[in-house]
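Taking it in order: structure first as structure tokens, then the write-up.
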Amino acid sequence: MKTPKALGYYFPPEWRRHAATWLSYPHNEASWPGKISTIFPFYHQFIKEISRDEIVNINVNDESMAMRIREALDKIGVNLDRIHLYNHPTNDAWCRDHGPAFLIASNPDLEPVKVIVSWEYNAWGNKYPHDLDNTIPQRIATVLKLPTFSPGIVMEGGAVDFNGEGAVLTTTACLLHENRNPSLNQEQIEQALRDFYGIEQVLWLGEGIEGDDTDGHIDDLTRFVASDKVITMVEPDRNDANYRPLRENLKTLKKMRLLNGKPLDIVEIPMPDPVLYDGQRLPASYANFYICNAGVIVPTFRCKNDQTAIDLLSQCFPDRPVIGIDSVEIIWGLGSWHCLSQQEPEAPF
């Protein structure tokens, strides 16, 4: 069977207009031990902001969960016509990683104009139960009546970031980790990225941030904000555990060249103050923002750098508002707004 790239499909950038956002409703108390109830006001606000200008599709475990969601969203003034609930049981809430990868056609002669790639998902190296999560892409493909491609390779949405013009950013710490695809070398993984995301160029960074149980996802480090522009996290405190890996990543970014030979335009954003809970360092990062039709939703952490991050991102996205939503409770689950969401692009033609 031909690959998506050979057929003419590619993964568009997140800022391209969405048909919908997909979420998997949080329910796993083991992910927020002792405080899952504290996350919902902020999670519901996230849904409300997205739903202002696109459909929000939510995977739910059963009808009683669906009823609770409708009641909670109605209470805060969400337009329920824009909320679609699907009986797709999950192990956890991290839809960025277990959700489908939507690719779109590069020319109007292709039918259909949208397809799904169903990567394998193993919960970041079999760290947690994931049997239900791994069925989500195929379930969604069935509902949407879209064809699927199944590479048979472990890959997570939070491990890759795209500029829409042939480049993907990722990390060696994650994609080359032995707990993902131990039988594949770097060259084979690059080929899989090209074949199944429809890209031309893989840009490799190194290590992730402290507290990240995904082994170094790119969406806590560096993100494209335009085809030739990235934001990247920096840590000014030399004594902080994130100082060295973030400095090394910045050095690597400065050496990179895009397909057109141009260097990246790099915007440096300082890390938030360390967020600790029960003595554990959590992976708090402003890079875990989500670009939706209504704006750019950035996690905030009740510290002085919150406004700096919002201001810098506002300069990167002059065409849409940047909305800070408190993530101090959410981050106890070891992820934030980008980790929780997966965009479905509008049909291209």
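The values are calculated or read from the model by the stated rules, or taken from the named source; none is laboratory data. Just so it is clear, the structure is predicted and the values come from calculations on it, not from any experiment. No Cβ is skipped: glycine too gets one built from the backbone with ideal geometry, and neighbour counts run over all protein chains shown.
Considered as a group, the residues in the stretch 193-244 that are of a type in the set (Ser, Thr, Tyr) and either under 30 Å from residue 115 (Cα atoms) or touching a Gly at 6+ places or on another chain (Cβ under 6 Å) (or both) include one that is surrounded by the fewest Cβ atoms within 10 Å (Cβ to Cβ), and that residue is 227. Among the residues of the stretch 50-62, some residue qualifies, meaning at least one is β-branched (Val, Ile, Thr), closer than 23 Å to residue 114 by Cβ and in a helix (DSSP H, G or I). Each residue in the stretch 16-35 was checked for being outside any strand (DSSP E or B), touching an Asp or Glu at 6+ places or on another chain (Cβ under 9 Å) and of a type outside the set (S, T, N, Q), and 9 pass.
Restricting attention to the stretch 329-347 and to residues that are not in a loop (DSSP other than H, G, I, E, B) and not hydrophobic (A, V, I, L, M, F, W, C), the residue that is farthest from residue 119 (Cα to Cα) turns out to be 333.
Each row is one residue, and each column tells you yes or no for (1) acidic (Asp, Glu); (2) in contact with a helix residue (DSSP H, G or I) (Cβ under 7 Å, 6 or more places away or on another chain).
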{"site": "57", "(1), (2)": "no, no"}
{"site": "63", "(1), (2)": "yes, no"}
{"site": "95", "(1), (2)": "no, yes"}
{"site": "100", "(1), (2)": "no, yes"}
{"site": "104", "(1), (2)": "no, no"}
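Considering the conditions (1) over 25 Å from residue 346 (Cα atoms); (2) under 21 Å from the mean Cα position of the chain (by Cα), residue 60 is excluded by exactly one of them, (1). Working only within the stretch 213-242, note down all residues that are closer than 16 Å to residue 309 by Cα, among the acidic types (Asp, Glu) and assigned to a loop (DSSP other than H, G, I, E, B). 235 - this is the single residue of the stretch 213-242 that is closer than 16 Å to residue 309 by Cα, among the acidic types (Asp, Glu) and assigned to a loop (DSSP other than H, G, I, E, B).
Checking 40, 11, 46 one by one, the residue that is surrounded by 18 or more Cβ atoms within 10 Å (Cβ to Cβ) and either under 19 Å from residue 333 (Cβ atoms) or among the acidic types (Asp, Glu) (or both) is 46 and no other.
Scanning the stretch 193-212 for residues that are over 18 Å from the mean Cα position of the chain (by Cα), of a type outside the set (Asp, Glu) and in a helix (DSSP H, G or I) yields a count of 1.
In this structure, does residue 164 turn out to be touching a residue at least 40 places away in the same chain (Cβ under 8 Å) and among the small types (Gly, Ala, Ser)?
On the way: touching a residue at least 40 places away in the same chain (Cβ under 8 Å): yes; among the small types (Gly, Ala, Ser): yes.
Criteria met by residue 164.
Every condition in (1) free of Cβ contacts under 8 Å to residues at least 12 places away in the same chain; (2) touching a Pro at 6+ places or on another chain (Cβ under 9 Å) holds for residue 191 except the one numbered (2). Taking the conditions (1) assigned to a loop (DSSP other than H, G, I, E, B); (2) within 14 Å of residue 223 (Cα to Cα) in turn, residue 268 satisfies each one other than (1).
Residues checked against (1) within 18 Å of residue 22 (Cβ to Cβ); (2) more than 20 Å from the chain's Cα centre (by Cα):
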site: 67; (1), (2): no, yes
site: 70; (1), (2): yes, yes
site: 73; (1), (2): yes, yes
site: 81; (1), (2): yes, yes
site: 84; (1), (2): yes, yes
site: 87; (1), (2): yes, yes
site: 92; (1), (2): yes, no
site: 98; (1), (2): yes, no
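Does residue 55 satisfy the criteria of being within 18 Å of the chain's Cα centre (by Cα), within 28 Å of residue 103 (Cα to Cα) and surrounded by 22 or more Cβ atoms within 10 Å (Cβ to Cβ)? Spell out the reasoning first.
Details: within 18 Å of the chain's Cα centre (by Cα): yes; within 28 Å of residue 103 (Cα to Cα): yes; surrounded by 22 or more Cβ atoms within 10 Å (Cβ to Cβ): no.
No; evaluated as a whole, the condition is false for this residue.
Considering the stretch 128-167, the residues that are assigned to a helix (DSSP H, G or I) and hydroxyl-bearing (Ser, Thr, Tyr) include one that is surrounded by the fewest Cβ atoms within 10 Å (Cβ to Cβ), namely 142.
Within the stretch 177-208, take every residue that is small (Gly, Ala, Ser) and out of contact with any Phe, Trp or Tyr (no Cβ under 6 Å at 6 or more places or on another chain) and give me the one that is farthest from residue 264 (Cα to Cα).
Step one: filter the stretch 177-208 for residues small (Gly, Ala, Ser), giving 183, 192, 198, 206, 208.
When the remaining residues are screened for being out of contact with any Phe, Trp or Tyr (no Cβ under 6 Å at 6 or more places or on another chain), the result is 183, 192, 206, 208.
Working: 183: 32, 192: 24, 206: 17, 208: 20 Å.
Filtering the stretch 177-208 for residues that are small (Gly, Ala, Ser) and out of contact with any Phe, Trp or Tyr (no Cβ under 6 Å at 6 or more places or on another chain), the one farthest from residue 264 (Cα to Cα) comes out as 183.
Whether a residue is at pLDDT below 95 and more than 23 Å from the chain's Cα centre (by Cα) was assessed, and residue 279 passes this test.
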